[in-house]
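Worksheet for the structure shown next.
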Amino acid sequence: MTTDIRLETELRYVKGVGPAFALRLEKLGLKTVRDLLWHFPSRYEDFSKIANIVDLVPGEAATIQGVIQEIKILRSFRKKMFIIQATVVDATGSVRATWFNQKFLVAMLKKGMVINLAGKVSLGKAGIGFSHPSYEIVGFSEDDEQFMEDAAEYREEIEACKHTGRLVPIYPETKGVTSKGLRFLIKPLLDGLEYIPETLPEEMLKRADVTELNDALRLIHYPEIMKDVLRARRRFAFEDIFYLQLVNILERSRLAKENAYACVAEGSRFAELLAQLPFELTDAQQEVMREVSGDLARPHPMNRLLQGDVGSGKTIVAVLAAIIAADAGRQASFMAPTEILATQHYHTFKKIFGNFEKGVVLLTASGAKVFFGEGLESEMKKADAVKKLATGEIKIAIGTHALIQKGVVFSDLALVVIDEQHRFGVKQRQALAGHTKALSLSKGKRDGGLLPHFLSMSATPIPRTLSLTLFGDLDVSIIGELPKGRKDIITKIVPPASRTDAYAFIRGQVKKGRQVFVICPRIEKTEEDETKGSPPTGGWFAVDTKTVKEEYDKLSKKIFPDMRVAMLHGKLKSEEKAEVMKKMKKGEIDVLVATSVIEVGVDIPNATIMMIEGADRFGLAQLYQFKGRVGRGEHQSFCLLFTDSSAQPTKDRLEALVHAKNGFELAEKDLALRGPGEFMGQSQTGLPDLAMRSLQDLKLVKSAREAAESVLEKDPDLAEHPQLKDVVARFHDRVHLE
């Protein structure tokens with residue numbers, strides 16, 4: 001083990017870690033000392049406010065201190081789990097603490113120990129108690145002389161507990177890595193680590209009232225009071241948002257200097273294209289079309305995010321943009337997340353622009369189809385289609401990930417369109433932008449210095465404050481209205497008692513000739529689900545969750561045996577999925593039971609009912625996507641939210657979906673209910689939790705933006721801030737705004 005500890009030191013060389021524990025830490029993404037020190041607590045237990053056991057109230061959170069009178073382990077054979085029970089007493093009474101599947105506690109917690117317990121108080125047959133409480137060993141009962149003699153091995157743990165002061169940090173954990181273990185590692189590291197150079201300019205620290213780095217690290221891991229925590233969190237949130245703003249501003253500046261094909265839309269040709277549409281563009285579509293065509297006409301790459309409600313008409317804007325690129329003699333690519341959606345875009349293109357003769361290819365894992373105008377469509381070997389893309393014979397490519405497979409090269413790609421852009425990683429998007437002749441993927445641009453224009457689309461509305469912060473390098477366009485004639489979708493929450501009535505309503509709709517979608521959270525149960533697991537790890541959630549296969553069996557055999565019921569999910573082969581959707585479009589299926597595979601792009605005008613099982617298992621944005629799969633025809637449509645949960649937060653979330661007038665209003669509500677971290681998802685942005693949670697702090701965001709602008713105004717290339725430049729480069733690689 002090394003005594004010379006630096007931020008870059010691998011944890012396996014740190015005292016108290018070792019190879020085995022290092023592997024467990026890696027599951028949390030912790031490989032170096034830096035990783036560990038920046039693994040911040042998710043919450044804190046306040047052990048300074050001790051309640052008497054006699055005063056505990058069921059349903060309320062509390063902390064008590066007492067002596068372990070008894071601890072034992074039980075085995076529940078029905079649920080295949082171990083139950084650890086401890087009886088803890090103080091001067092006013094006794095309470096039972098229960099943990100599931102944590103056998104190690106029997107060796108760690110001993111009779112006679114004085115411990116703190118913190119958690120929500122429950123009331124059961126045995127009286128009041130704690131289920132899975134947090135605990136800390138704080139001493140030993142002097143009444144037990146034998147225990148006092150054998151207690152030396154616990155002294156170090158008690159000393160570590162004292163290090164936490166009045167607040168005990170609780171960290172994100174994994175199997176074999178507890179908050180207690182993390183605290184043991186972090187405290188000596190902070191004490192022995194060399195001074196960490198500050199990354200933020202000194203004048204900025206003063207102006208933004210931000211705590212110095214070394215002080216902030218100590219305060220966030222070992223605070224005395226919550227005010228310390230808030231100061232530390234503010235520093236790290238400010239820092240990450242500041243880096244993000246620097247990345248965004250630098251990226252905008254970089255793109256402004258790059259070159260792209262200027263694809264100008266001739267007025268008469270554009271009027272001709274609009275005349276071919278079977279509908280009139282809405283005012284919002286026309287405004288966005290002006291923005292997009294204006295960007296395409298410039299010799300610098302467009303970098304635009306197009307947001308709009310489900311069914312608002314984003315696709316037609318993208319198709320028109322692709323034709324503008326093709327008319328200019330260049331190529332356009334259109335990538336969708338699923339084969340179903342890519343195929344639908346291809347058929348929509350053929351249907352509306354049947355006289356387009358410059359070549360459109362559908363390229364998916366299943367194969368390729370090429371269209372060169374009315375009556376000129378044929379199946380084609382993928383290798384042959386790829387060759388025609390490379391020579392420029394085909395001007396527009398529509399497809400899935402197949403567009404970025406090895407060997408797919410474009411001749412002169414001028415426009416990249418990503419549908420449902422949040423479903424693709426940055427590397428995938430960059431790969432598509434890079435699949436053009438003479439392009440060096442490492443340098444990110446062609447020999448001629450040209451980059452393609454980039455248009456990403458999303459039907460998951462992002463609140464404006466978040467889009468300006470997270471997507472500050474993008475221009476944002478919004479289609480805020482639906483096509484004329486669209487009827488509002490009637491949305492209802494269906495409790496268990498109303499399930500029979502809902503089935504009767506569905507039967508009535510099918511008798512009128514309508515079709516139904518039924519959505520389930522999962523395809524099927526796993527063997528692990530059947531054992532139920534332990535409550536804290538979500539085993540009971542899995543058992544209660546509706547599955548496609550079970551629901552299909554129930555509906556086809558018991559509820560609607562006289563109807564044509566089918567199922568659709570991600571495990572089906574591509575040709576099987578295509579066949580199911582073909583039958584659904586033809587009206588040969590009455591009820592389609594599916595997973596979220598139909599979340600985006602499925603367009604069945606005759607489908608009027610969206611029935612969602614376990615609606616509380618989905619996020620609001622996803623529920624809104626499901627809802628948008630109906631209401632596309634002339635008939636009144638309905639969205640039925642089935643839930644067995646009576647929890648108030650669940651009710652609040654689902655009520656928000658019932659009453660929201662549009663996706664942007666719902667997004668604002670969802671943001672308020674869940675906060676930015678859960679709304680966007682850390683895995684979707686790469687932005688650390690603290691920064692995500694702080695994005696609603698407009699004052700902090702504004703301060704970070706102004707600081708970034710101030711630094712770059714004086715030092716555009718960060719030449720005078722080499723350390724900051726290195727940090728920003730690392731941050732750019734880590735954060736992937738999808």
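The values are calculated or read from the model by the stated rules, or taken from the named source; none is laboratory data. Just so we're clear, the structure is a prediction, and the values are computed from it rather than from any experiment. When we count neighbours, we look across all protein chains shown, and the Cβ atoms used for this are built from the backbone with ideal geometry, even at glycine.
Flag not set for Val580, criterion: buried (at least 17 other Cβ atoms within 10 Å of the Cβ) and touching a residue at least 60 places away in the same chain (Cβ under 8 Å). Only residues that are within 28 Å of Arg183 (Cα to Cα) and either in contact (Cβ under 8 Å) with a residue 40 or more places away in the chain or in a loop (DSSP other than H, G, I, E, B) (or both) were counted in segment 44-80, giving 21.
Summed over segment 615-657, the residues that are under 23 Å from the mean Cα position of the chain (by Cα) and within 30 Å of Gly513 (Cβ to Cβ) give a count of 14.
Residue-by-condition table, conditions (1) in contact with a Leu (Cβ under 7 Å, 6 or more places away or on another chain); (2) modelled with pLDDT under 90; (3) not β-branched (Val, Ile, Thr):
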site	(1), (2), (3)
Thr92	no, no, no
Thr98	no, no, no
Gly127	no, yes, yes
Phe130	yes, no, yes
Glu136	no, yes, yes
Glu145	no, yes, yes
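Taken as a whole, segment 51-60 holds at least one residue that is acidic (Asp, Glu) and closer than 25 Å to Glu173 by Cβ. Residue count for segment 530-561 satisfying the condition of being at pLDDT below 90 and not in a helix (DSSP H, G or I): 7. Taking helices (runs of 4 or more DSSP H) as the structural unit, those lying wholly within segment 177-232 and holding at least 1 residues that are free of Cβ contacts under 8 Å to residues at least 24 places away in the same chain, within 30 Å of Leu718 (Cβ to Cβ) and of a type in the set (S, T, N, Q) correspond to 213-221.
Residues to consider are Ser456, Ser477, Ser498; find the one that is assigned to a helix (DSSP H, G or I) and either crowded, with 19+ Cβ neighbours inside 10 Å or over 27 Å from the mean Cα position of the chain (by Cα) (or both). It would help to see each step written out before you state the result.
Values: Ser456 fails: assigned to a helix (DSSP H, G or I); Ser477 fails: assigned to a helix (DSSP H, G or I).
Of the residues listed, the single one that is assigned to a helix (DSSP H, G or I) and either crowded, with 19+ Cβ neighbours inside 10 Å or over 27 Å from the mean Cα position of the chain (by Cα) (or both) is Ser498.
Go through the residues of segment 264-274 one by one and say whether even a single one is outside any helix (DSSP H, G or I) and among the acidic types (Asp, Glu). Within segment 264-274, one or more residues are outside any helix (DSSP H, G or I) and among the acidic types (Asp, Glu).
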